[in-house]
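Q: I have a structure I would like to understand better, so I am pasting it below and will then ask my questions one at a time.
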Amino acid sequence: QVQLVESGGGLVQAGGSLRLSCAASGSILSANVMDWYRQAPGKQRELVARITRGGLPNYADSVKGRFTISRDNAKNTMYLQMNGLKPEDTAVYYCNAVFSTSSYWGQGTQVTVSS
């Protein structure tokens, strides 16, 4: 079992930056993919960014060019650098780790972007 803990959320003005972290209690080396999702009030959870075990990133169109996903397998931590934040980025951000036979979610961290 792997526990994931997100941190780094907060309140920021539009145009600002935040860096989210997702710390795992165990090794993420064998995680096939690790994802950042977000869920805004009244909306479905959506995939924001994904990084494969080999380090290949993929992004939702809405965040391309502004967000950068990365993972540090040695530290068992995944990151999401968010630049050029917009009010529509306001949501609870969750990390997800997908292994061969199971997946795990963090509890989420709130990101609020004021206009």
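The values are calculated or read from the model by the stated rules, or taken from the named source; none is laboratory data. What you see is a predicted model; the values in this text were computed from it and never measured. Glycine gets a Cβ as well: all are built from the backbone with ideal geometry, and neighbour counts include every protein chain shown. Areas reflect the complete protein model, heavy atoms only, side chains present, ligands, DNA and RNA absent. Shrake-Rupley method; radii C 1.70, N 1.55, O 1.52, S 1.80 Å.
Q: Identify, from the list Ala31, Ala23, the residue that is surrounded by 13 or more Cβ atoms within 10 Å (Cβ to Cβ), of a type outside the set (S, T, N, Q) and part of a loop (DSSP other than H, G, I, E, B).
A: Selected residue: Ala31, the only one of Ala31, Ala23 that is surrounded by 13 or more Cβ atoms within 10 Å (Cβ to Cβ), of a type outside the set (S, T, N, Q) and part of a loop (DSSP other than H, G, I, E, B).
Q: Follow-up question, since we're still on this one. Applying the selection to segment 1-16, what residues are open to solvent by 40 Å² or more (accessible area, probe 1.4 Å), part of a strand (DSSP E or B) and under 22 Å from Thr101 (Cα atoms)?
A: Passing the criteria: only Val5.
Q: Output the number of residues of segment 67-93 satisfying the condition of being closer than 24 Å to Leu29 by Cα, of a type outside the set (Val, Ile, Thr) and surrounded by fewer than 18 Cβ atoms within 10 Å (Cβ to Cβ).
A: 6
Q: Scan segment 34-55 for residues that are in a strand (DSSP E or B), open to solvent by 50 Å² or more (accessible area, probe 1.4 Å) and not hydrophobic (A, V, I, L, M, F, W, C) and jot them down.
A: Once the filter is applied, which keeps residues that are in a strand (DSSP E or B), open to solvent by 50 Å² or more (accessible area, probe 1.4 Å) and not hydrophobic (A, V, I, L, M, F, W, C), segment 34-55 yields Gln39, Glu46, Arg50.
Q: Can you find a residue that is touching a residue at least 60 places away in the same chain (Cβ under 8 Å) and farther than 18 Å from Val113 by Cα anywhere in segment 48-70?
A: No.
Q: Separate question: Return the residues of segment 56-66 that are surrounded by fewer than 15 Cβ atoms within 10 Å (Cβ to Cβ), in a strand (DSSP E or B) and of a type outside the set (S, T, N, Q); say none if nothing qualifies.
A: The one that is surrounded by fewer than 15 Cβ atoms within 10 Å (Cβ to Cβ), in a strand (DSSP E or B) and of a type outside the set (S, T, N, Q): Pro57.
Q: Further question: Output the strands (runs of 3 or more DSSP E) that fall wholly within segment 67-109 and possess 3 or more residues being modelled with pLDDT of 95 or more and within 13 Å of the chain's Cα centre (by Cα), or say none.
A: Because the criterion is at least 3 residues that are modelled with pLDDT of 95 or more and within 13 Å of the chain's Cα centre (by Cα), the strands (runs of 3 or more DSSP E) in segment 67-109 that meet it are 67-72, 77-82, 91-98.
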